[in-house]
Amino acid sequence: MSPAEARPVRTVRDATFDVLRRTGMTTIFANPGSTEVSLLAGFPDDLEFVLALHEGSVVGMATGWAIARERPALALLHTTAGLGNAVGAIATARVNRAPLVVLVGQQDRRHLALEPFLTGRLAGLAGDYPVRVDQPARAQDVPGAVARACHEAVTSRGPALVVVPMDDWSAPADDDWSLPPEDGAGAGRAGGGTAASSRGTGRAGGGMLAAPLRVIRPTAVADSDLEPLVALLAEARSPVLVVGAGADSAEAWRALTALAERLRCPVWQESFGARAGFPQDHPQFAGILPAGRSRLREVLAGHDAVLTAGAPVFRQYPYEPGPLVAPGTAVAVVTDDPAEAHRSPADLALLASPAVVCARLAALLPARSTAVPPLPPRALPPDPPLRDEPLRAAHVLHELALRLAPETVVVEETPSSRPDLHRLLPARRPLGFLSAAMGGLGFALPAAVGLRMAAPDRPVVAVVGDGSALYGIQALWSAAHYGVGALFVVLANGRYAVMDRLAERADAGKAPWPPFTEVRMAGMARSLGCPARRVEAYYELADVLDEVVPGLAGRREPLLLDVAVVPDPDFQP
C-alpha cells in the first residue's frame, strides 16, 4: 500500500473545522438533532461545544457572545424545528447588528428529492432577517460557504445562514485543499478583517476555498467629505447631538465626548436604543429621547441643527401624526448602517464610521464659547419603602445603582420598568447597557449568559421582568452547567404589566389576559440547576446585594434573585 493510499481521507467536516479555527469561531452554541450527529460525534478537543435547551437560547447566547467579542459567533440548529424556534432570536440578532454564522442541519442530500422525515424547507424560513442564506450546491462547497458566511456576517452585521445536509460532513474534501499555517493574526474585529492570514490562496492542487482568507474594510474619511457637516455645525446657533447603539464603542465614546464638549451642546440617547452611545454620567448627557413625535419636537425645540450618530432619524414607538422636528431644524445622520442611513428623513446622511467621523469633526470645528443649554433635571432616587410597604422596580434599580461597578454590563428586558432603569442606572462604560433592539422577549437571559462567557472579566447583571424571563428561562441551565457567573435580577410582578398599561391607555375596555401570580421564578431556576433566592422585603434586597455584588467580577456560578415587586403604575416611553 502506498503512503497516499494509507493517508486518511480528508473530509468536508475536517475542512470546515479548519475554517472555524482560522476565523476564530471555535465555540459552537447548539441544540442539535439527528441531522447534526455526523458533524458533532468525535468533536475535536480544541473546539468548545455549548449546549442550550432551546434554540432561542442558542442564538441568544451566541448573540451575547458576538457582541462582547466584536466578532462572529457560531450557532448550530436542527432543521425546520430548530430554525423555526430560533427565528425570533435571529431577527433580534439582525436588528442588534450581531455577526453570527448559523449552521442549519438538513436531511441526507441523496434522498432530499423524496422529502424524507425531517426534511426542512429552510431557505425562506427565517424571512429577510438573515444577511445571507446559502445552500451549497456540493458537499465540497460547504467550507467555503462557512468562510463566506463569516465575512458576510461581519460586513452586513447580522446572521448568515448555511444549510448543510447531514451526509455532506463525511464527504471527501475537494482535492485535499488546506489553509495556510496560522500566523497569529486570528479573526479581526467586526470592523476589520475576519480570516487572517494573507499568505496563500486557500488551495492545494485543484481545491479552492470560495472565499477570501482576509477582508480589509477601510474606515478613513476624507476631510472634503465632511465639509457639509462642518458647515452645518459651525453655523448652527444651538446644535444638539443624538447618539445610538451604533456609537457604542470606546473609540466612538471618546470622539463624541470630544465633539460634545467642542460644541458645548446637550447629548440625547435614541429612544429604545439597544446600547448606549455616550457616557450617561457625563454632565452634558440630557437623557433618553421620547418615543412619540409631539414630545420629541418639544425636546428638540430651540435647536437648529441635530446631528445623529449611530442611530436612525428617529426611532419611534407609538404612532403620532406630525413632523419629527420643528420647521427650521436641520437634521444630519452619521451611521455605518446603509439601511439606517437610507430610511432616515434627514437633510444629510453620511455613510461612515461614527467614531471616525466624530473624531475628525471634533478636530475641524471651532470651539464654542457659549454655555451648555439647561438640561432636564436628573432623576431623584425613590425614598426607601416604609415598613410593610411593597417593593417597586425603582427601589430595586436604585439599590443596584448604589452598588454596581462602572464596568458592569446591564442587560435589560423589563419593558414596563425600562424608563426607570434608564433614569436610575446610567451606562458608564461602553457595553454598559444592552437590550433587544427588536423588542421581542426572550433575549436578556441567554444574551447575558453568552456575554459573560465571552467577557469573563466584566460583571454581568440581567434585569428582567418575570414575563420576559419565561421566554428564555432555559438559558439558566446553560449558565449553571457551564459555570457562568451572571446575576439575574427578576422583577416579578406576576403579570405583563406593560400590556396592562397599554390597554389602559387605549381606553377600550377590560383586557382579556390574566395575571400569572402563581409562577415562582426562583423555583423554576432551581429546577434548572441555577441557584436562586426569593426576595420580598427591602432589607432582604439590601442584604443580598451587599453580599453578592462585590464579588460579581470573579463569580463562577449564576444566581437568580426573584424579587417581588408591585406593577409600575404608568408607562411613558
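The values are calculated or read from the model by the stated rules, or taken from the named source; none is laboratory data. For clarity, every value in this text was computed on a predicted model and none was experimentally measured. Note: ideal-geometry Cβ built from the backbone for every residue, glycine included; neighbour counts use all protein chains shown. For accessibility, only protein heavy atoms count, side chains too; no ligands or nucleic acids. Shrake-Rupley method; radii C 1.70, N 1.55, O 1.52, S 1.80 Å.
Some notes on this structure:
- Cα gyration tensor category, rounded, prolate or oblate, for segment 247-310 with a/c compared to 1.5: oblate
- Taking a sphere under 14 Å around the Cβ of GLN269 and counting the other residues whose Cβ falls inside, with K and R at +1 and D and E at -1, yields a net charge of +1.
- Euclidean distance of C-alpha centroids, segment 497-573 and segment 83-136, integer Å: 34 Å
- In plain terms, the chain from ARG254 to ASP388 could stretch by 43.6 nm, reckoned as 0.36 nm per residue minus the Cα-Cα distance.
- Angle between the chain longest axis and helix 55-69 axis [Cα atoms, degrees, rounded to 10]: 70 degrees
- Charge tally in the Cβ shell below 11 Å around LEU112, where Lys, Arg are +1 and Asp, Glu are -1, LEU112 excluded: 0
- The chain - mean residue ellipticity at 222 nm from DSSP helices (-39,500 (n - 2.57) per run, n ≥ 4, rounded to 500): -9500 deg cm²/dmol
- Surface accessible to a 1.4 Å probe, per residue, for the residues of segment 353-484, Å²: 38 Å²
- Using a simple spin-label model with pseudo-atoms 7 Å out from Cα toward Cβ, ALA506 and ASP347 lie 4.0 nm apart.
- Compared with the dominant principal axis of the Cα atoms in the chain, helix 538-548 is inclined by about 40°.
- For segment 1-82: rounded, prolate or oblate by the Cα gyration tensor [a/c cutoff 1.5]: oblate
- Sites MET499 and ALA326, calculated FRET efficiency, Cβ-Cβ separation with R0 22 Å, nearest 0.05: 0.10
- Ordering of 331-341, 225-235 by burial proxy (mean other Cβ atoms within 10 Å per residue, highest first): 331-341, 225-235
- Per residue, segment 1-96 exposes 35 Å² of solvent-accessible protein surface, assessed with a 1.4 angstrom probe and all protein chains in place.
- FRET efficiency, ASP128 to SER238 (Cβ-Cβ, R0 30 Å, nearest 0.05): 0.15
- Estimated at 0.36 nm per residue, the fully extended path between SER527 and ARG121 surpasses their Cα-Cα distance by 142.6 nm.
- Considering only the chain, percent of DSSP beta bridges that pair antiparallel, nearest 5: 5 percent
- With every protein chain in place, segment 329-388: carbon and sulfur % of accessible area (1.4 Å): 58 percent
- Placing unit charges on the Cβ atoms only, positive for Lys and Arg and negative for Asp and Glu, gives the chain a dipole magnitude near 600 debye about its Cα centre.
- With at most 14 other Cβ atoms within 10 Å, longest stretch of the chain clear of loop chymotrypsin sites (Phe, Trp or Tyr not before Pro) (DSSP): 118-318
- Ratio Rg/Rh [Cα only; Rh per Kirkwood] for segment 39-98: 0.98
- Helix axis angle, 354-364 relative to the chain longest principal axis, alpha carbon, degrees: 50 degrees
- Stretch gain in nm, segment ARG295-ALA210, where the contour uses 0.36 nm per residue and the Cα spacing is subtracted: 25.4 nm
- Per residue, segment 256-339 exposes 33 Å² of solvent-accessible protein surface, assessed with a 1.4 angstrom probe and all protein chains in place.
- Of VAL59, SER34, VAL154, farthest towards positive along the dipole that unit charges on Lys, Arg, Asp, Glu beta carbons give segment 1-158: VAL154
- Mean Cα-pair separation over length for segment 398-504, i.e. relative contact order, pairs under 8 Å, 6 or more apart, %: 29 percent
- Prolate/oblate/rounded call for the chain, Cα gyration tensor, a/c under 1.5 rounded: oblate
- D_trans [Stokes-Einstein, Kirkwood Rh over alpha-carbon pairs] for segment 457-573, 25 °C, 0.890 mPa s, µm² s⁻¹: 160 µm²/s
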